[in-house]
Amino acid sequence: EAGVTQFPSHSVIEKGQTVTLRCDPISGHDNLYWYRRVMGKEIKFLLHFVKESKQDESGMPNNRFLAERTGGTYSTLKVQPAELEDSGVYFCASSQVSAGGFYEQYFGPGTRLTVT
Amino acid sequence: GENVEQHPSTLSVQEGDSAVIKCTYSDSASNYFPWYKQELGKRPQLIIDIRSNVGEKKDQRIAVTLNKTAKHFSLHITETQPEDSAVYFCAASHTGGFKTIFGAGTRLFVKA
């Protein structure tokens, strides 16, 4: 079974530019999450999709961030225009209900975004 | 907002010793507490989890304890080995994977 994949693995852009990150969850997983980790700090929750619907977007920093999951499969996270403080590692995770009724999240390898 | 505090931020132990990482959460509705291990250059992976109806869970050298009254939970690694060196994250969430909040991570060094 293929794991969660993310593209690109690294992205270096200038302040003011636009970047789109992509996440392909494990097939069949309805739940998809976006997180960001700034070096040395927590893995900060950004957004949670259930299928194509945004279940919780309370962690999105501001309206420069736009996440989509058309058709309930892969998801994209667009940052436009990027600012220096957007730098960090963006993780995607997916989950599905287990036999016990809980949800183990499987993480992707992350996209390291550097805004210069 | 809700948060999870994790301590220590860095922990160095001698091979064979035990390591303990502690977390405190603020959301009293949290009922699922996973622990993730992230090795250098790799993705975070679940190593153990505990649910609110259980006070302790063990899996070989790894154990987790939960005190819901105090909103504390801890990871215990016994007989540490160099391959245990990694960053460990605790998290707290609700049923269904909602409201998952992570701690800031603990970098564990196991010296051979």
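So for region B:71-90 (the condition being more than 22 Å from B:P8 (Cβ to Cβ) and open to solvent by 40 Å² or more (accessible area, probe 1.4 Å)), does at least one residue qualify?
Going through region B:71-90, the residues more than 22 Å from B:P8 (Cβ to Cβ) turn out to be none.
For region B:71-90, residues more than 22 Å from B:P8 (Cβ to Cβ) and open to solvent by 40 Å² or more (accessible area, probe 1.4 Å): absent.
Is one or more of the residues making up region B:95-110 touching a Lys or Arg at 6+ places or on another chain (Cβ under 7 Å) and away from chain A (no Cβ under 11 Å)?
Filtering region B:95-110 for residues touching a Lys or Arg at 6+ places or on another chain (Cβ under 7 Å) gives B:104.
Okay, now just the ones that are also away from chain A (no Cβ under 11 Å), so none.
No, region B:95-110 has no match at all.
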| query | Only one of (1) at pLDDT 95 or above; (2) within 14 Å of chain A (Cβ to nearest Cβ) fails for B:E79. Which number is that? | reply | (2)
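Kindly indicate the residue of region B:5-23 that is open to solvent by less than 40 Å² (accessible area, probe 1.4 Å) and closer than 14 Å to B:L75 by Cα and also nearest to the other protein chains (Cβ to nearest Cβ) among those meeting that condition.
Applying the first criterion (open to solvent by less than 40 Å² (accessible area, probe 1.4 Å)) to region B:5-23 yields B:6, B:11, B:13, B:19, B:21, B:23.
In the following step, the residues that additionally are closer than 14 Å to B:L75 by Cα were identified as B:6, B:11, B:19, B:21, B:23.
On the way: B:Q6: 8, B:L11: 15, B:A19: 19, B:I21: 14, B:C23: 11 Å.
Selected residue: B:Q6.
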| query | Do you know which residues across region B:39-76 are out of contact with any Phe, Trp or Tyr (no Cβ under 6 Å at 6 or more places or on another chain), more than 18 Å from B:L108 (Cβ to Cβ) and within 14 Å of chain A (Cβ to nearest Cβ)? | reply | B:D49, B:S52, B:N53, B:V54, B:K57
| query | How many residues, within region A:4-40, are of a type in the set (D, E) and at pLDDT 95 or above? | reply | 2
| said: If a residue must be open to solvent by 70 Å² or more (accessible area, probe 1.4 Å), of a type outside the set (S, T, N, Q) and free of Cβ contacts under 8 Å to residues at least 40 places away in the same chain, how many such residues does region B:24-49 contain? | reply: 3
| note | Per the filter on region B:50-104, residues of a type in the set (V, I, T) and farther than 14 Å from B:S18 by Cβ are B:I50, B:V54, B:T69, B:V87, B:T95, B:T100, B:I101
| task | Tell me the strands (runs of 3 or more DSSP E) entirely within chain A that contain at least 1 residues that are within 13 Å of chain B (Cβ to nearest Cβ). | result | A:5-7, A:10-13, A:19-24, A:31-37, A:43-50, A:53-56, A:88-95, A:111-115
| field | Breaking point among (1) more than 11 Å from chain A (Cβ to nearest Cβ); (2) touching a residue at least 24 places away in the same chain (Cβ under 8 Å); (3) among the aliphatic types (A, V, I, L, M), for B:A91 | value | (1)
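The values are calculated or read from the model by the stated rules, or taken from the named source; none is laboratory data. Note that the structure is a prediction, hence the values are computed from the model and not measured. A quick note on method: Cβ atoms are made from the backbone with ideal geometry, for glycine too, and the neighbour counts reach across all protein chains shown. Only protein heavy atoms, including side chains, enter the accessible area calculation; ligands, DNA and RNA are left aside. Shrake-Rupley method; radii C 1.70, N 1.55, O 1.52, S 1.80 Å.
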